[in-house]
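The values are calculated or read from the model by the stated rules, or taken from the named source; none is laboratory data. Please read all numbers here as calculations on a predicted model, not as lab measurements. Cβ sites come from the backbone with ideal geometry, for glycine too, and all protein chains shown count toward neighbours.
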Amino acid sequence: MASSKPVLTISSKNYGAWALRGWLMCRLAGLDFVEKVIPPDDPAMKAEMLLLSASMLVPSLQHGSVKVWDTLAIGEYLNEIKPKAGLLPADIKARAHCRAICGEMHSGFGSMRGALPMNIKARFPNFKIWSRAQTDIDRIALIWRECLKAYDGPFLFGKEPSMADAMYAPVVTRFMTYDVALDRACAAYCKRIVELPAMQEWIEAAKLEPEEIDELDAEF
Ligand SMILES: N[C@@H](CCC(=O)N[C@@H](CS)C(=O)NCC(=O)O)C(=O)O
């Protein structure tokens, strides 16, 4: 019998930064879902992907007759169906702040994303960071420091991880991959994110992915 659980379509766990964001949001929301992995380099899967995601991009969530693609929309949808999970902060001012930094991640930091693509398995010690990517990194570190100070940590909006932590989780793994120098508060925040059981699970699965996908060593 076909599963009646929500289905989250994702691609590579090693390279798929947006997939990680959507998947982590589902986990943080406590959604009982199944994941469908479509290898991004498999042309035969493209037709199936179009059925699952109108944009041909992942993550994409199918919940009953509801289809949601695009990571921010998935986060907002999860917050509606699982309001007690706290994906978005309860306080209106904090919620606006959370949406603003999620939006900034969704539409920005192109230099950092282009120069430091997510690649969980790889390590590049002493990686030379291009100045525009460093400007993005400095802005992200400022966002994190401001949140950790305003909401008293250990997560960006307080005691529990939120949609914002999921949005920035692939930045955390990039900072590890590319050996990015961070101040103490940001380094502690990265450690906290990596230690989340869901992140550990994702990272372990990424490490087990066999294939190297050259074309995905690009912007994600
Ligand atoms: N704006 C989209 C971006 C999604 C995206 O670029 N996803 C990548 C993978 S993480 C993708 O599907 N690339 C095409 C492919 O893998 O075939 C979102 O927020 O979900």
Out of the range 150-167, which residues are touching a residue at least 24 places away in the same chain (Cβ under 8 Å) and surrounded by fewer than 23 Cβ atoms within 10 Å (Cβ to Cβ)? ALA150, TYR151, GLY153, PRO154, PHE155, GLY158, GLU160
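Got a number for residues in the range 63-72 being out of contact with any Lys or Arg (no Cβ under 6 Å at 6 or more places or on another chain), part of a helix (DSSP H, G or I) and under 18 Å from LYS36 (Cβ atoms)? I'd like the intermediate steps shown before the answer.
Of all residues in the range 63-72, those out of contact with any Lys or Arg (no Cβ under 6 Å at 6 or more places or on another chain) come to 63-70, 72.
Then drop every residue that is not part of a helix (DSSP H, G or I), which leaves 72.
With the extra rule that they be under 18 Å from LYS36 (Cβ atoms), the set shrinks to none.
Here the count works out to 0.
Here is a list: ARG95, ARG113, ARG99. Which entry is within 19 Å of the chain's Cα centre (by Cα), in a helix (DSSP H, G or I) and away from the ligand (no atom under 16 Å from the Cβ)?
ARG95
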Can you tell me which residues in the range 1-18 are in contact with a helix residue (DSSP H, G or I) (Cβ under 9 Å, 6 or more places away or on another chain) and either at pLDDT below 95 or within 12 Å of the ligand (Cβ to nearest atom) (or both)? LEU8, THR9, ILE10, SER11, SER12, LYS13, ASN14, TYR15, GLY16, ALA17, TRP18
Enumerate the pairs (first residue in the range 5-26 and under 14 Å from LEU72 (Cα atoms); second residue anywhere and of a type in the set (S, T, N, Q) and near the ligand (Cβ under 7 Å from one of its atoms)) with beta-carbon separation below 9 Å, excluding pairs fewer than 6 apart on the same chain, so at least 6 apart or on different chains. TRP18/SER11; TRP18/THR71; ALA19/SER11; ALA19/THR71; ARG21/THR71; GLY22/THR71; MET25/THR71
Quick one: how many residues across the range 85-110 are within 13 Å of SER162 (Cβ to Cβ) and basic (Lys, Arg)? 2
Looking at GLU80, GLU76, which one is out of contact with any helix residue (DSSP H, G or I) (no Cβ under 7 Å at 6 or more places or on another chain), within 12 Å of the ligand (Cβ to nearest atom), assigned to a helix (DSSP H, G or I) and at pLDDT 95 or above? GLU76
Filter pass, PRO117 being within 24 Å of ASN79 (Cβ to Cβ) and surrounded by 14 or more Cβ atoms within 10 Å (Cβ to Cβ): no
Of (1) part of a loop (DSSP other than H, G, I, E, B); (2) hydrophobic (A, V, I, L, M, F, W, C); (3) more than 25 Å from LEU72 (Cβ to Cβ), VAL180 satisfies all except one. Which? (3)
